[in-house]
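These notes concern the structure reproduced below.
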């Protein structure tokens with residue numbers, strides 16, 4: 001359990017490093033107009049949206065860490081734990097989420113380089129692949145339910161549904177932000193206005209991919 005908590009804690013450290021690396025070469029005292037300004041005492045990467053995302057990811061990390069801790073403690077508590085079979089569809093769902101994360105990274109790069117057409121294409125692809133993942137998870141729940149693996153039957157079943165549903169709910173929240181970004185882009189908003197939203201969506205998807213790999217690995221290992 002301690003190793004798992006340390007692993008999840010490292011997720012936040014990784015993402016703080018990611019955010020820092022994205023802005024390490026930016027000179028905030030050079031304005032877009034070319035005028036020289038005094039350097040800001042606050043590092044450039046600490047924008048309000050990024051700080052808000054980091055705080056939110058810290059909360060989400062805590063939620064999943066506590067949930068996984070409860071999972072492992074309950075598994076060791078008594079002999080009534082019966083592991084849930086892993087439907088093969090979970091692997092396809094995982095592949096969909098990996099692809100979603102990859103294409104959103106490409107969309108972010110397109111936004112950074114001012115390629116509007118490429119940004120729109122890959123941003124939409126990322127959302128569609130995520131929807132495929134969520135729908136695939138729903139199908140997995142239906143398959144397990146049809147096989148008699150109900151939530152109330154065994155604590156392992158309850159934790160499986162809880163962890164996978166919790167992850168899917170966070171993705172649905174991300175899809176709401178993604179939908180607003182796509183709507184603004186298709187509505188003619190400039191790239192400068194949507195670039196930050198694309199960046200935050202991409203980082204959020206990368207984070208949830210790492211969380212899903214941790215959750216899926218835990219399910220496979222136990």
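The values are calculated or read from the model by the stated rules, or taken from the named source; none is laboratory data. Everything numeric in this text was worked out from a predicted model, so none of it was measured. Cβ: placed from backbone, ideal geometry, glycine included. Neighbour counts: every protein chain shown.
In a residue-by-residue description of the stretch 120-133, the property of being assigned to a helix (DSSP H, G or I), in contact with a helix residue (DSSP H, G or I) (Cβ under 7 Å, 6 or more places away or on another chain), closer than 29 Å to residue 81 by Cβ and in contact (Cβ under 8 Å) with a residue 12 or more places away in the chain applies to at least one position.
What is the residue count in the stretch 82-93 for residues that are buried (at least 16 other Cβ atoms within 10 Å of the Cβ) and part of a loop (DSSP other than H, G, I, E, B)? Number of matching residues: 2. Within the stretch 140-160, the residues that satisfy the criterion of being out of contact with any helix residue (DSSP H, G or I) (no Cβ under 6 Å at 6 or more places or on another chain), assigned to a helix (DSSP H, G or I) and under 21 Å from residue 215 (Cβ atoms) are 141, 142, 143, 144, 145, 156, 157, 158, 160.
A quick yes/no check of all residues on (1) at pLDDT 95 or above; (2) under 15 Å from residue 117 (Cα atoms):
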{"site": "168", "(1), (2)": "yes, no"}
{"site": "180", "(1), (2)": "no, no"}
{"site": "185", "(1), (2)": "no, yes"}
{"site": "203", "(1), (2)": "no, no"}
{"site": "206", "(1), (2)": "no, no"}
{"site": "211", "(1), (2)": "no, no"}
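Among the candidates 69, 101, 96, the residue that is more than 17 Å from the chain's Cα centre (by Cα) and surrounded by 14 or more Cβ atoms within 10 Å (Cβ to Cβ) is uniquely 69. Could you please let me know if residue 56 is on the phi < 0 side of the Ramachandran plot and at pLDDT below 85? Answer is no for this residue.
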